[in-house]
1. Please find, among GLN225, GLN148, GLN158, the residue that is surrounded by fewer than 16 Cβ atoms within 10 Å (Cβ to Cβ) and of a type outside the set (A, V, I, L, M, F, W, C).
2. Somewhere in the range 99-113, is a residue surrounded by 21 or more Cβ atoms within 10 Å (Cβ to Cβ) and under 20 Å from THR177 (Cα atoms)?
3. Search the range 41-65 for residues that are assigned to a helix (DSSP H, G or I) and pair each with any residue that is among the charged types (D, E, K, R) when their beta-carbon atoms are under 9 Å apart and the residues are at least 6 apart or on different chains.
4. Please enumerate the residues belonging to the range 217-248 that are more than 23 Å from LYS144 (Cα to Cα), more than 12 Å from the ligand (Cβ to nearest atom) and not hydrophobic (A, V, I, L, M, F, W, C).
5. Within the range 197-216, restricting attention to residues that are within 16 Å of the ligand (Cβ to nearest atom) and outside any loop (DSSP other than H, G, I, E, B), which residue is farthest from SER155 (Cα to Cα)?
6. In the list VAL186, VAL247, VAL169, which residue meets the criterion of being within 21 Å of SER34 (Cβ to Cβ), touching a residue at least 24 places away in the same chain (Cβ under 8 Å) and buried (at least 19 other Cβ atoms within 10 Å of the Cβ)?
7. Considering each of ALA145, ALA136, ALA80, ALA115 in turn, give the residue that is of a type outside the set (Phe, Trp, Tyr), free of Cβ contacts under 8 Å to residues at least 24 places away in the same chain and away from the ligand (no atom under 16 Å from the Cβ).
Amino acid sequence: MRRPIIAGNWKLNNNAKQALELVTLLKRELSDVSKVDIVVCPVFTVLMEVSDCLIESNIDVGAQDLYWEDSGAFTGEVSAPLIKDTGAKYVIIGHSERRQFFGETNETVNKKIKAALKHGLIPIVCIGEILAEREAGETFNVIKAQCQGSFAGLSSEQMLKLVIAYEPVWAIGTGKTATPEQAQEVHKYIRELLANMFDGETSQELRIQYGGSVKPDNIKDLMAQEDIDGALVGGASLKSDSFVKLVKYYEQ
Ligand code: 13P
């Protein structure tokens, strides 16, 4: 059985005060949750404070990106060892906003995954098509290229240490969620692809989250799909009441 995982990607939101207020509430409201892994991903500047606040809680912390070199003359970058040093356990890699606005490619995603794994961070690797690709019937080809590029050179053992997030770009921040059937179709395809690239066992054990306008009123139908193992949540992770409702879906 794959254990579900709900992660909140806060993106460029929440200063220290707001972040601590939010996680203090989450910590209290979610303390009895046991059936789902919970992660919050704040901005770099508050990673350590948030991690400290969540020590000995059932909520883990993740960064939103990393650079693949450990240290050196790379002004402005943050490396895996530094993220690890804050107490964070996860790192989002290859989010579509990074691909769109900051030149992230499948090759850089691949380097970042290897750096994260080398230092014991769990990568949450984002893949997904843009609207024009979906409308052109290219969704599966895009997903295939992203998986082949991003996971090149990784072993089955390494694959089992990461999480994939399928986020159709047209569903991010738009309120336009993929239908449960649309999401399931791609999740199933990703599993088939992984079975070919690695092996059947790896593809069955690996967790694949869905992301894109996940809200308390649509989580049930999405998570009921066979190949969907949780959610990567943007907007609805910024308020404690909606994030708590999303996590508690799994506790019913
Ligand atoms: P929204 O939930 O705001 O659509 O964002 C999804 C996302 O990009 C999570 O990484």
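The values are calculated or read from the model by the stated rules, or taken from the named source; none is laboratory data. Since the structure is predicted, the reported quantities are computational estimates derived from the model, not experimental observations. Positions of Cβ are generated from backbone atoms using ideal geometry, with glycine treated the same way; all protein chains shown enter the neighbour counts.
1. Within the list GLN225, GLN148, GLN158, the selection yields GLN148.
2. no
3. PHE44/ASP65; MET48/ASP85; SER51/ASP60; SER51/LYS89; CYS53/LYS27
4. Once the filter is applied, which keeps residues that are more than 23 Å from LYS144 (Cα to Cα), more than 12 Å from the ligand (Cβ to nearest atom) and not hydrophobic (A, V, I, L, M, F, W, C), the range 217-248 yields ASP217, LYS220, ASP221, SER240, ASP241, LYS245, LYS248.
5. Looking only at the range 197-216, we keep the residues that are within 16 Å of the ligand (Cβ to nearest atom), and these are 207-216.
Still in the running and outside any loop (DSSP other than H, G, I, E, B): 207-211.
Details: ARG207: 16, ILE208: 17, GLN209: 21, TYR210: 23, GLY211: 25 Å.
If we take residues in the range 197-216 being within 16 Å of the ligand (Cβ to nearest atom) and outside any loop (DSSP other than H, G, I, E, B), then GLY211 is farthest from SER155 (Cα to Cα).
6. After applying the criteria, what remains is VAL247.
7. ALA136
Table: residues versus (1) within 18 Å of VAL247 (Cβ to Cβ); (2) at pLDDT 95 or above; (3) crowded, with 20+ Cβ neighbours inside 10 Å.
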{"position": "LEU25", "(1), (2), (3)": "yes, yes, no"}
{"position": "GLU29", "(1), (2), (3)": "yes, yes, no"}
{"position": "SER34", "(1), (2), (3)": "yes, yes, no"}
{"position": "CYS41", "(1), (2), (3)": "yes, yes, yes"}
{"position": "VAL61", "(1), (2), (3)": "yes, yes, yes"}
{"position": "GLU69", "(1), (2), (3)": "no, yes, no"}
